[in-house]
Amino acid sequence: MIYLIASVCCSTLLVIILKLFPKYGVNTLHGIVVNYFTCVLFGALLHHVSIQQMQAAFTQDWIFPTIILGFLFIVIFNLSGISSQKIGISVTSMSMKLALVFPILFGFIFYHEKVILIKMVGIVLAIVAVVLSSLSAPKREQKHDNNKWLFLLPIIVFIGSGACDSLVQFTQKKYFTNGGFESFSIMLFLIASLAGLVFAVLMYVRNREKLSMRSMIGGLLLGVPNYLSLYFLLKVLVTTGWESTIVFPLANIGVVVTSAIVGILVFKEKLSKINIVGIVVAVLAIGLIIAATKG
């Protein structure tokens, strides 16, 4: 349980830091790229992984899904940013959070995880909680583009986010059931950082956006909790013996609840009645899913 709490806290810290990026003039793309490089350096120092070990990782069986994951990380990030601007933050946020259904379905269909009533009720409530907590009151926003294909953006973000979670789930179950995933997590962020660097260079060529000291500091601050959020999630999957259909809903809903609490206490955000109902449902879902671990 301690690893799950640590993963949720680190993921919540990510939300907070990203939320502060615009306030302190951090270029989000640059901050994300620096963050990925920070993840690599921090992970290597934390686990004493040498350059030779990182080079050897390219010959491992798990390197192919790792490369796919690395590219997906940066692509989905960029698409979610575009979707937030063109479609809206609420719709995009909901698309990302609802992606938890992918590892849940994979767990049931491909890994034959237990289907018990209390867990199923908890999972359904978790999905309902995500929807309710992500809804915002209708308001006038800037006019959206008239591109008729824009509606596909949140759908792509939903599928891409689900693919990321499912690939992490697949890689852990196939290659790291007994641990030893440290090199995998480092290589994942290395691929993401290199892919992100390409995006940053293209943005520089297009818009002449230079890397600022603020973006470097923001990326450094973001990198440590980002790495630890994934590391602790993998530790939960390896050490607890919990099924992924329990871990992923708990992790996602935990972030929803803690982010809402931080939003209220720190950023003085006001929740609508629907949002409050969503948080209550989320807490109930957490209770039911935890109860399912005792069965």
With a bin width of 5 angstrom, please list the P(r) values of the stretch 1-69 as percents of all Cα-Cα pairs, from the 0 bin to the one holding the largest distance. 3, 12, 14, 20, 19, 17, 11, 3, 1
Write out the chymotrypsin sites (Phe, Trp or Tyr not before Pro) in the stretch 15-53 meeting two conditions: DSSP loop, and at most 16 other Cβ atoms within 10 Å of their Cβ. Y24
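Based on the Cβ-Cβ distance from H48 to H112, what FRET efficiency comes out when R0 is 35 Å, to the nearest 0.05? Numbers along the way, then the final one.
Numbers: r = 37 Å, r/R0 = 1.06.
Step by step, r from the Cβ atoms, then E = 0.40.
Please label the shape of the stretch 147-221 as rounded, prolate or oblate, based on the square roots a ≥ b ≥ c of the eigenvalues of the alpha-carbon gyration tensor (a/c under 1.5 means rounded; beyond that, a/b larger than b/c means prolate, else oblate).
Details: a/c = 2.89, a/b = 1.29, b/c = 2.24.
Judged from the Cα gyration tensor, the stretch 147-221 comes out oblate (a/c at least 1.5, b/c at or above a/b).
Rounded to the nearest 0.05, what FRET efficiency do L211 and V280 have when you use their Cβ-Cβ distance and R0 = 45 Å?
Numbers: r = 43 Å, r/R0 = 0.96.
My answer for the efficiency is 0.55.
What longest region of the chain stays clear of GluC sites (Glu not before Pro) that DSSP places outside H, G, I, E and B and that have at most 15 other Cβ atoms within 10 Å? Each step should come with its number before you reach the end.
Values: sites that count: E141, E209, E269.
Segment 1-140 is the longest.
Quickly estimate the mean residue ellipticity at 222 nm for the chain, helices only: each DSSP H run with n ≥ 4 gives -39500 (n - 2.57), and the total goes over all residues, rounded to 500. Walk me through the numbers on the way to the answer.
Numbers: 12 runs with 226 residues, N = 295.
Value at 222 nm, helices only: -26000 deg cm²/dmol.
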Sites excluded, trypsin sites (Lys or Arg not before Pro) in DSSP loops with at most 16 other C-beta within 10 Å, longest stretch of the chain: 24-113
Violating pairs (Cα-Cα greater than 24 angstrom) within the set K119/K268; K273/K294; K114/K294: K119/K268; K273/K294
Could you work out the percent of alpha carbon pairs in the stretch 138-295 separated by over 22 Å, rounded to a whole number? 63
How much length, in nm to one decimal, is gained on full extension between V121 and I2, taken as 0.36 nm per residue of separation minus their Cα-Cα distance? 40.4 nm
So, R0 is 41 Å and r is the distance between the beta-carbons of T293 and L197; what FRET efficiency does that work out to, to 0.05? 0.50
Coordinate range along principal axes, alpha carbons of the stretch 48-124, Å, largest first: 47, 40, 22
Along principal axes, Cα extents of the chain, largest first, whole Å: 53, 52, 38
How large, in Å, is the stretch 199-270 by the Kirkwood hydrodynamic radius built from its alpha-carbon pairs? 15.5
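Computed from the coordinates by the stated procedures, all read-outs in this text should not be read as laboratory data. Because the structure is predicted, anything quoted here is derived from the model rather than measured. Every residue, glycine among them, receives a Cβ derived from its backbone with ideal geometry; neighbour counts consider all protein chains shown.
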